[in-house]
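> Just dropping this structure here.
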Amino acid sequence: TVPLCPSFDTVGPLCRSVEDAAYLLGALEGKKVEKLKEINLRNVKVMVLETVALENVRPKVLSGFNQSINLLKEAGASIEFREISEISEMMSLTATLFPSEAYATWKTEIEASPELMFPEILERFMLGSGVLASDYIRSWKRLNEIRDIWLNQTKEFDIVALPTSPI
């Protein structure tokens, strides 16, 4: 595995279920995992993020997500729907931050053999070649401000729930 954009990429396991993820985490930590069906969720606070994350979500994905939220509620978790308006602004910063870093990371390889890269990814990365340093730095500054807002807005919750992908 190689990072495409090191400041934003996270490498981790993909699992078929939350239960599988819990067992994997337990194995990695060397801890015994409780059966998830026996875990009490009465004091768990869940925030459902109502912003960009729920835009353009395909019906089947949204249905599965809503079923998961209902299961959490039925298991005793308190659910609160909230919007953090700065998330939309944050998403707009990605047009500056992601391609710039990705291009800087892979510039040598891209310029030596662009045909080896998947065309859609190559096109995205190449957009980073024209970003001004001043725009990049200003975007990072604003992203860090929004991260502080995020932490303040989510600190009372145990879980922030949103679909991981609209498709």
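The values are calculated or read from the model by the stated rules, or taken from the named source; none is laboratory data. This is a predicted model, so every value here is computed, not measured. Here the Cβ positions follow ideal geometry from the backbone for every residue, glycine too, while neighbour counts run over all protein chains shown. To get the accessible areas, we keep the full protein, side chains included, count just its heavy atoms, and leave off ligands, DNA and RNA. Shrake-Rupley method; radii C 1.70, N 1.55, O 1.52, S 1.80 Å.
> Among the candidates Pro6, Pro99, single out the residue that is touching a helix residue (DSSP H, G or I) at 6+ places or on another chain (Cβ under 7 Å), closer than 30 Å to Asp148 by Cα, exposed (fewer than 12 other Cβ atoms within 10 Å of the Cβ) and of a type outside the set (D, E, K, R).
Result of the check over Pro6, Pro99: Pro6.
> Here is a follow-up. Could you grab me the full set of residues in the range 9-25 that are assigned to a helix (DSSP H, G or I), open to solvent by less than 60 Å² (accessible area, probe 1.4 Å) and under 30 Å from Asn144 (Cα atoms)?
Within the range 9-25, Ala21 is the sole residue that qualifies.
> Report, by residue number, each residue of the range 102-124 that is of a type in the set (Ser, Thr, Tyr) and open to solvent by 90 Å² or more (accessible area, probe 1.4 Å). Outline the logic, then answer.
Initially, the range 102-124 is screened for residues of a type in the set (Ser, Thr, Tyr), giving 103, 105, 108, 113.
Correct list: Thr108 only.
> Then there's this: Within the range 26-49, work out how many residues are within 30 Å of Glu86 (Cβ to Cβ) and open to solvent by 90 Å² or more (accessible area, probe 1.4 Å). Explain how you work it out, then say what you get.
Of the range 26-49, the ones within 30 Å of Glu86 (Cβ to Cβ) are 41, 43-49.
Going one step further and asking which of them are open to solvent by 90 Å² or more (accessible area, probe 1.4 Å), we end up with 43.
Qualifying residue count, the range 26-49: 1.
> When the residues of the range 62-86 are narrowed to those that are farther than 25 Å from Ile146 by Cβ and surrounded by 16 or more Cβ atoms within 10 Å (Cβ to Cβ), which ends up nearest to the chain's Cα centre (by Cα)?
Step by step, filter the range 62-86, then rank; the result is Leu72.
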